[in-house]
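The values are calculated or read from the model by the stated rules, or taken from the named source; none is laboratory data. What you see is a predicted model, and the numbers here were worked out from it, not measured in a lab. Don't worry about glycine lacking a Cβ; one is built from the backbone with ideal geometry, like all the others, and counts go over all protein chains shown.
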Amino acid sequence: MRLAPPPDEPEEPGQFWKNFVRETSPAFRKTTLEQLAEFIAPTWQALVDGARYVDDWLAQTLAEVDPDVVVEDNVVGFPAILASGRPWVRIVSCNPLEVKDPELPPTFSGLPLEDRSGWNEFRDEYARQVGELQGSFSEFCVERGAPPLEELELIHESSWLNLTIYPDELDYPRARPLGERWRNLGASVRATDAPWSPPKPDGRALVYLSLGSLGSADVPLMQRLVSELADTPHRYVVSMGPQHAEYELAENMVGEPFLPQTSVLPHVDAVITHGGNNTTTECMWFGKPMLVLPVFWDQHDNAQRVDETGYGVRVPTYGFGDGELAAALDRVLADEGLRARCAAAGERLREAPGTTLAAELIEGVATS
């Protein structure tokens, strides 16, 4: 469904967000505290505007389709879903700090669990940047027949079922348990990607580099990564992204504009990633150690959590020095303990696929 009026000229799917990220990308080079005003608040505004725009259409569609259950995977609520009175399931497919806890770091901060020195400043600035918008959206929810939102929240908790997607190895020690209406899937890895054949082994490590379709749109960043890794004794598979024509890969690299990630991951020795929740959980599923270079949103939280739990290394995306990225990669590839921990986590996750559990739980809501 469209979350804004259609453009005058046809556009590719997802083009709105590509344009949005390109326009706000200067903020990515700033601290997470500075990003609150320059990226987080504008992003919330765009998402809330979308929820307002689509509400009438969504209410009409729900009445026409008459579903037994509605599954919402979004960070902003759609009041039409709650106003319909139908059972619904909330999926938290971002970092689980989206569900806040006073004893955990603030969402989007990338701050460490063991050092609280910056928590209050970040929370205060977040409230200053988002509070008015949140209050107005809560009023809109009530006007449209949904309950008011909890303080500083932009989506409701479902009274039926709420799903998080985060491996236990990375998850947070909560002071407030999420309760009986919450279940953690651990990972939710698709099995629909096209097959992919790796290059023939030649004794060198094979590393996957992907900053996601939005992160890879930052051409100067991609050019620097290519330059930094060009002289290392490893080979790379690069997801080049939508701006692939704007830069060239080095001789020790192969790549495509877009790659079937879940078909690539089983064949590589390590992953250099932006730390999106999908890639983070997929790397854990396949038991691959990570170097995480976060760009925006919950990527900072994932990067910090991967680092502090010992499943990879966080690297300053725009601030690493010459040779620092290559040295971090060498350490990850040589760390047998890290590789063993990742492999064990992957084995555990694959024993109980989150996709199967999710289907069973959602069906249970639909038929109860």
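State all residues of segment 316-368 that are among the β-branched types (Val, Ile, Thr) and more than 22 Å from residue 278 (Cβ to Cβ); if no residue qualifies, say none. Within segment 316-368, 365, 367 qualify. How do the pairs read when you match residues in segment 1-12 that are touching a residue at least 60 places away in the same chain (Cβ under 8 Å) and surrounded by 10 or more Cβ atoms within 10 Å (Cβ to Cβ) with residues anywhere that are of a type in the set (Val, Ile, Thr) and part of a loop (DSSP other than H, G, I, E, B), using Cβ under 8 Å and keeping only pairs 6 or more apart or on different chains? Note: no pairs meet the criteria. For segment 77-100, state whether one or more residues are without any contact (Cβ under 8 Å) to a residue 60 or more places away in the chain, in contact with a Ser or Thr (Cβ under 8 Å, 6 or more places away or on another chain), assigned to a loop (DSSP other than H, G, I, E, B) and not β-branched (Val, Ile, Thr). Yes, some residue in segment 77-100 is without any contact (Cβ under 8 Å) to a residue 60 or more places away in the chain, in contact with a Ser or Thr (Cβ under 8 Å, 6 or more places away or on another chain), assigned to a loop (DSSP other than H, G, I, E, B) and not β-branched (Val, Ile, Thr). Scanning segment 1-54 for residues that are modelled with pLDDT of 95 or more, of a type in the set (S, T, N, Q) and not in a loop (DSSP other than H, G, I, E, B) turns up 32, 35, 45.
Taking the criterion of being surrounded by fewer than 17 Cβ atoms within 10 Å (Cβ to Cβ) and among the acidic types (Asp, Glu), the residues of segment 45-62 that qualify are 49, 56. Checking the stated criteria, residue 105 turns out to be touching a residue at least 24 places away in the same chain (Cβ under 8 Å) and either surrounded by 15 or more Cβ atoms within 10 Å (Cβ to Cβ) or not assigned by TED's automatic domain parsing to the domain that holds residue 171 (or both). When you scan segment 14-33, do you find a residue that is within 20 Å of residue 215 (Cα to Cα) and touching a Gly at 6+ places or on another chain (Cβ under 7 Å), even just one? Scanning segment 14-33, I find at least one residue that is within 20 Å of residue 215 (Cα to Cα) and touching a Gly at 6+ places or on another chain (Cβ under 7 Å), so the answer is yes. Within segment 225-249, the residues that satisfy the criterion of being free of Cβ contacts under 8 Å to residues at least 60 places away in the same chain and among the β-branched types (Val, Ile, Thr) are 226, 237, 238. For segment 136-212, the strands (runs of 3 or more DSSP E) that sit wholly inside it and include 3 or more residues that are surrounded by 19 or more Cβ atoms within 10 Å (Cβ to Cβ), in contact with a helix residue (DSSP H, G or I) (Cβ under 8 Å, 6 or more places away or on another chain) and modelled with pLDDT of 95 or more are 161-164, 206-210. Restricting 68, 73 to those that are over 25 Å from the mean Cα position of the chain (by Cα) and loosely packed, with under 15 Cβ neighbours inside 10 Å reduces the list to 68.
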